[in-house]
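The next block holds one structure in the form of structure tokens; read it before the comments.
Computed from the coordinates by the stated procedures, all read-outs in this text should not be read as laboratory data. In this text, all values refer to a predicted model and were calculated from it rather than measured experimentally. Quick reminder, even Gly has a Cβ in these numbers, built from the backbone with ideal geometry, and neighbours come from all protein chains shown.
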Amino acid sequence: MSEKITTLLEALPYIKKFFRSTFVIKYGGAAMEEEHLKKEFAKDVALLKYVGINPVIVHGGGPKIGRLLKELKIPTEFVDGLRVTDSKTLDVVEMVLSGNINKEIVKNINDMGGRAIGLSGKDGRLLIAKKVAGKDIGLVGEIVNVDVAIIKDINRHGYIPVIAPLADGVDGNSYNINADTAAGSIAKSLSAEKLILLTDVDGVLDKEDKLLSSLKISDIDTLISNKTISGGMIPKVDCCIDAIEGGVKETHIINGKIPHAILLEIFTNSGIGTKITKEV
């Protein structure tokens, strides 16, 4: 019992510190695939709202999209981690993200006592994008504008926005947006306290596979050049750096396979992932 009380008391200063703050959370990976993790994530998000924090959820959906494309015999190709998206692929992406995954996340949060509202980035022209330059990958966009008034209105009325990363284009097309970069753009536009990326690894690891729990952005170039940070972790770290340089105070890369990962990272002294800031 005393251990439980200690844990609760450890959380108190963080709850006070982050009261009325905005956290943008990119939800993806195994945490979206395994049923028990889906429920634990929904509990965490509902709890954040109840203690006075405004969570904004931006979700991916890669595995489900990939499975449906395979069933429909639509070929899939990736360039630098981005799905090449023609009009047929975009129809599937939009169907899975907006029509299936988004509504499931909303239901899970609502079932846990939260009040979530599902949105596509196209709703109310919440997200405006232009075609990604320099790559021949079709209808994949980068965000040029976020209508933060929509998100703030939802927050102010006690709801939790759950956003599918699709966007209207400045050229009239619709665009598929990488969920990490969408979350980063939204976090910057909101001047969020935190950007939290859920992944399937513990965070940034050193060459002995030990967790680097705290980094400043001036450390990153060295860690990339000596191959400590490599592969799929590079775009995630770049996303964190871009968010910090855009005004987000702190960014976190955490393992969504750990139950209650968000709460353990935010409300405990040691955390469970990697925190990246301008200064340590």
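List of remarks:
- Residue in the stretch 238-248 that is touching a residue at least 24 places away in the same chain (Cβ under 8 Å), of a type outside the set (V, I, T), out of contact with any helix residue (DSSP H, G or I) (no Cβ under 7 Å at 6 or more places or on another chain) and farther than 22 Å from G52 by Cα present: yes
- Among the residues of the stretch 59-97, those that are within 22 Å of A116 (Cβ to Cβ) and either assigned to a strand (DSSP E or B) or of a type in the set (D, E, K, R) (or both) comprise H59, K64, E94.
- Screening the stretch 149-176 for residues that are surrounded by fewer than 16 Cβ atoms within 10 Å (Cβ to Cβ) and aliphatic (A, V, I, L, M) and picking the one that is nearest to the chain's Cα centre (by Cα) gives A149.
- Within the stretch 145-196, the residues that satisfy the criterion of being among the hydrophobic types (A, V, I, L, M, F, W, C) and in contact with a Gly (Cβ under 8 Å, 6 or more places away or on another chain) are I150, I160, V162, I163, A164, L166, A167, I177, A179, A182, A187, L195.
- In the stretch 67-76, the residues that are surrounded by fewer than 12 Cβ atoms within 10 Å (Cβ to Cβ) and either under 10 Å from G138 (Cα atoms) or under 25 Å from the mean Cα position of the chain (by Cα) (or both): R67
- Only one entry of K107, K130 meets the criterion of being free of Cβ contacts under 8 Å to residues at least 24 places away in the same chain and surrounded by fewer than 17 Cβ atoms within 10 Å (Cβ to Cβ), and that entry is K107.
- From the options L119, L195, residue that is buried (at least 20 other Cβ atoms within 10 Å of the Cβ) and either more than 22 Å from V56 (Cβ to Cβ) or in contact with a Ser or Thr (Cβ under 6 Å, 6 or more places away or on another chain) (or both): L195
- Filtered residues of the stretch 18-43 (kept if loosely packed, with under 11 Cβ neighbours inside 10 Å, charged (D, E, K, R) and not in a loop (DSSP other than H, G, I, E, B)): E35
- Every listed requirement among (1) assigned to a helix (DSSP H, G or I); (2) crowded, with 20+ Cβ neighbours inside 10 Å is met by L8 save one, (2).
- The set of residues in the stretch 185-237 that are under 30 Å from I128 (Cβ atoms), touching a residue at least 40 places away in the same chain (Cβ under 8 Å) and of a type in the set (A, V, I, L, M, F, W, C) comprises I186, A187, L190, A192, L195, I196, L197, L198, I217, I220.
- Screening the stretch 100-115 for residues that are within 14 Å of K39 (Cα to Cα) and outside any helix (DSSP H, G or I) and picking the one that is nearest to the chain's Cα centre (by Cα) gives G114.
- Residues satisfying the stated conditions in the stretch 1-26, i.e. over 18 Å from G271 (Cα atoms) and under 15 Å from the mean Cα position of the chain (by Cα): T22
- Among the residues listed as I137, I128, the single one being in contact with a Ser or Thr (Cβ under 8 Å, 6 or more places away or on another chain) and more than 23 Å from K103 (Cβ to Cβ): I137
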